[in-house]
Structures are given as C-alpha cells and as structure tokens.
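In what follows, a structure is listed as structure tokens, so that the remarks can point back to it.
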Amino acid sequence: MSERVDGRGAEDVLLELLNTTPVVAGSVRDALGAPADGRAWARAHGGTGSGEEVAVLVAARDALQDVVRGRRDPECLNEFLQDVSSVPGIARGGLEWRLRVPDARRLPVELVLTWARVEESRPGRLKPCGNPECRRFLLDRSKPNSARWCSMAECGNRMKARRHYQRVRDAGAGA
C-alpha cells in the first residue's frame, strides 16, 4: 500500500478497517456486511470492490481484529500472504518495490502488511479500546503510549463517569 491512500495514510485505512464493526445502539453493525456496503468501502479505499475482494477483506479484518485483541496468534495472517511477492524496480529515479498479488487480494494484503509495519515500528500502539463494551480500536500516537479510548468524548467520558458512579456508590454503601 502506498503511504497515502485517497489522501489518508495507510495506517488510517487499517484503523478504519478494524473499526468497521462498531456497536451502534447496543448491537454490532458490520459496515462491510451488506454486499453493496462492502463494495463501496473497498472502492473508497483503493480496492476493486469485487465480491471476492470483499470476502477476503472481511476475513482479513476479522483475523486482524482477533490478533490485535490477543485472541489469535499473528501467524494466522499467513493465509493472506500466500503466493504474494514483492519485486524491485526503478521508478522516479529510485528503487521501488511492487507488490505482486491478484487484484482481488491486493487491498487485504496491503492492510495486513500495514499492520506488520505498525507492529514493527510502534509495537503495542495498535490496541482495542479500553471500554469493554466498545468494539473499536485505536492507534496510540501519544508520546507515553497511554491512550486507552477510541474516543475520549465517547468511551473515555463514559468509563470515567462509570468509575465515578462506582466510587460514589461504594462510599455510600460504607457509610
């Protein structure tokens, strides 16, 4: 994946993919679940939008979510990298590596490779939201690597309010 995809960084596209299964009104909503939605998402992020691509994209997303949550070993991502190669070439006066992969697998493979780059360059920074009721992820770009919430306005405030309510309730029970 190029460093920029439609004006967004590859890491941002990875985060967008991971966050395609949010909880909305108490139920999980899959932004790739309906065929038309999956095709539109893939095309908007540089893919072909084919049914085959969306199926591989959903499988890669599910595997990546499980890996980031610690439910599966990263080796499960090998299935998306089978028969993929990178070949060197000279372009724009320098060396460039071109990915060789069928079009229907290009976007999912690029996102798995982006995950690998993030894990290598910033280990522990891609993580699930600290709210156990949230299914979103965050890429912690803070210097101390202390971000816990996908959104301070949503999950952060909710969790702080819950802790405050619990402290007040516990203090009242002890009185």
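For this structure, a couple of remarks:
- Verdict on residue 38 being part of a loop (DSSP other than H, G, I, E, B), modelled with pLDDT of 95 or more and either in contact with a Pro (Cβ under 8 Å, 6 or more places away or on another chain) or open to solvent by less than 30 Å² (accessible area, probe 1.4 Å) (or both): no
- Top-ranked residue in segment 153-174 [being open to solvent by less than 40 Å² (accessible area, probe 1.4 Å) and at pLDDT below 75; ranked as nearest to the chain's Cα centre (by Cα)]: 156
- Strands (runs of 3 or more DSSP E) (entirely within segment 49-152) containing at least 2 residues that are touching a residue at least 12 places away in the same chain (Cβ under 8 Å) and open to solvent by less than 60 Å² (accessible area, probe 1.4 Å): 85-91, 126-128, 137-139
- Those residues of segment 24-35 which are open to solvent by 60 Å² or more (accessible area, probe 1.4 Å) and either more than 11 Å from residue 133 (Cα to Cα) or among the aliphatic types (A, V, I, L, M) (or both), in sequence order: 24, 25, 28, 29, 35
- The criterion of being without any contact (Cβ under 8 Å) to a residue 60 or more places away in the chain, among the small types (Gly, Ala, Ser) and touching a Cys at 6+ places or on another chain (Cβ under 9 Å) does not hold for residue 25.
- Failed condition for residue 49, given (1) modelled with pLDDT of 95 or more; (2) farther than 30 Å from residue 96 by Cα: (2)
The values are calculated or read from the model by the stated rules, or taken from the named source; none is laboratory data. Not measured: the values here are computed from a predicted model. Reconstructed Cβ throughout: ideal geometry from the backbone, glycine too, with neighbour counts over all protein chains shown. Note: areas computed on protein heavy atoms with side chains; ligands, DNA, RNA excluded. Shrake-Rupley method; radii C 1.70, N 1.55, O 1.52, S 1.80 Å.
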